[in-house]
1. Taking the stretch 202-227, which residues are out of contact with any strand residue (DSSP E or B) (no Cβ under 9 Å at 6 or more places or on another chain), surrounded by 12 or more Cβ atoms within 10 Å (Cβ to Cβ) and closer than 19 Å to Pro272 by Cα?
2. Which one is nearest to Ile336 (Cα to Cα) among residues in the stretch 272-301 that are touching a strand residue (DSSP E or B) at 6+ places or on another chain (Cβ under 9 Å) and away from the ligand (no atom under 15 Å from the Cβ)?
3. Would you confirm whether or not the stretch 235-242 contains a residue that is more than 9 Å from the ligand (Cβ to nearest atom), on the phi < 0 side of the Ramachandran plot and either without any contact (Cβ under 8 Å) to a residue 60 or more places away in the chain or among the hydrophobic types (A, V, I, L, M, F, W, C) (or both)?
4. I'd like to check something: does the stretch 75-91 contain any residue that is touching a residue at least 24 places away in the same chain (Cβ under 8 Å), within 20 Å of Thr153 (Cβ to Cβ) and basic (Lys, Arg)?
5. Can you name every residue in the stretch 98-113 that is more than 16 Å from the ligand (Cβ to nearest atom), of a type outside the set (Gly, Ala, Ser) and either surrounded by 20 or more Cβ atoms within 10 Å (Cβ to Cβ) or in a helix (DSSP H, G or I) (or both)?
6. Can Ile77 be described as of a type in the set (A, V, I, L, M) and in contact with a Gly (Cβ under 9 Å, 6 or more places away or on another chain)?
7. Is it the case that the stretch 148-164 has a residue that's within 16 Å of the ligand (Cβ to nearest atom) and buried (at least 17 other Cβ atoms within 10 Å of the Cβ)?
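The values are calculated or read from the model by the stated rules, or taken from the named source; none is laboratory data. Worth saying up front: this structure is predicted, and the values here are computed from it rather than measured. Because the Cβ atoms are built from the backbone with ideal geometry, glycine has one as well, and the counts that use them run over all protein chains shown.
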Amino acid sequence: MKTYENYSLLNNNTFGIDVKANYFIEYDSVEELQQLLRSDLLAESKFMQIGGGSNLLFINDYQGVILHSKIMGIDAIEGSRCMAVLRVGAGERWDSFVEYCVSKNYGGVENLSGIPGEVGATPVQNIGAYGAEAANTIVAVECVNVKTGEERTFTAKECQFGYRDSIFKRDYKGKYIVTYVHFKLSKAGWQPNVNYGSLKDEFEKYPDKNIAAVRSAVLAIRGRKLPEPKVLGNAGSFFMNPVVSRSYYERLLKTYPDMPCYVISDAEVKIPAGWLIEQCGWKGKSVGNVAVHGSQALVLINKGGANGLDIINLSDSIRASVRTKFGVDLTPEVNIIFG
Ligand code: EPU
């Protein structure tokens, strides 16, 4: 276990916001986490768990303790000719895990290539991209209860996964810390899942129609659209794609016949927030040291030296324009921490 005092979080949030935490503690095992949860320091302080910091926006210094998992390991715990169940430590980098699966020819997570962050965070917000989401492969989530220190394993059903959503963001927010995630991957009978518009076209370019080709295609698209956090601070999509009723969407279509959508059910559709933001003229626009990314309007960027409030102010202006023009409310996808 490692404890740091008065710790700069600059390298622990992909927005590149220069804030500090009173303490930053990294633990290596479930036992160490349990020991920490019983400690006087945590009894007396506010605390939160972070992963790779790729979906966080700090507004102020964090007056408390930040916990970070170093629980590592990828172990096969079940398997047959057709599938494997892997138990993966929360501290593993998500994309290293995806790369591992692709190298073994295990199918199921290749569409989620290149997503920053760590495995422990993947069930919390049910990461998703290019027609797939983590929930398609997660079969169980091992956690520790922050109050009692007891271990509990949630089945996928108990996680109540939804679009960028799970029980860990709602009823159990801040109540459990994820320690291991179990993923079920296919070893035989894999079929590419490349129906998502831009992926279909990119995949066409690869002669071998295998799992590695899907990963390469996804990485190629991401590379074109999404800024590299080490170069331009960002947290991926800043907003969720808003869900509206089909009747409201059809009303909007009369004025905006090109408005795209993803069908969710007979009653609801999701409108790409990037499209709404672009239509309001924000794409590529800078305000001081923050900006809307020029290749994907859903991504807000720190051009250097921005603080959390600069980003929030830009986000508020964007939300106001989208509300005025389309009558649609955008909800941030990023977790905003006021300190
Ligand atoms: N669009 C625009 N202008 C833009 C951006 C998008 O018009 O500037 C429209 C286009 O019509 C485009 C459509 O929006 O065809 C969809 O865009 P894209 O494929 O880039 O996907 P998205 O809906 O904007 C979601 C995820 C991304 C994920 C991509 C790819 C959310 C909030 N975001 O974005 O996830 O990579 O799909 O599957 O659901 C993330 O969560 O951090 C993230 C990057």
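1. Residue satisfying the conditions is Ile221 alone.
2. Filtering first and then ranking leaves Val290.
3. Residues of the stretch 235-242 that are more than 9 Å from the ligand (Cβ to nearest atom), as a first pass: 242.
Now drop any that are not on the phi < 0 side of the Ramachandran plot, which leaves 242.
From the residues that got through so far, the ones that are either without any contact (Cβ under 8 Å) to a residue 60 or more places away in the chain or among the hydrophobic types (A, V, I, L, M, F, W, C) (or both) too are none.
No, every residue in the stretch 235-242 fails to be more than 9 Å from the ligand (Cβ to nearest atom), on the phi < 0 side of the Ramachandran plot and either without any contact (Cβ under 8 Å) to a residue 60 or more places away in the chain or among the hydrophobic types (A, V, I, L, M, F, W, C) (or both).
4. Checking the stretch 75-91: at least one residue is touching a residue at least 24 places away in the same chain (Cβ under 8 Å), within 20 Å of Thr153 (Cβ to Cβ) and basic (Lys, Arg).
5. Glu99, Tyr100, Cys101, Val102, Lys104, Tyr106
6. Working: of a type in the set (A, V, I, L, M): yes; in contact with a Gly (Cβ under 9 Å, 6 or more places away or on another chain): no.
No, not satisfied.
7. Yes, there is a match, as at least one residue in the stretch 148-164 is within 16 Å of the ligand (Cβ to nearest atom) and buried (at least 17 other Cβ atoms within 10 Å of the Cβ).
Yes or no, residue by residue, for (1) over 30 Å from Val269 (Cβ atoms); (2) at pLDDT below 95; (3) not hydroxyl-bearing (Ser, Thr, Tyr):
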| position | (1), (2), (3) |
| --- | --- |
| Thr153 | yes, no, no |
| Lys187 | yes, no, yes |
| Val194 | no, no, yes |
| Pro207 | yes, no, yes |
| Ala213 | yes, no, yes |
| Gly236 | no, no, yes |
| Asn241 | no, no, yes |
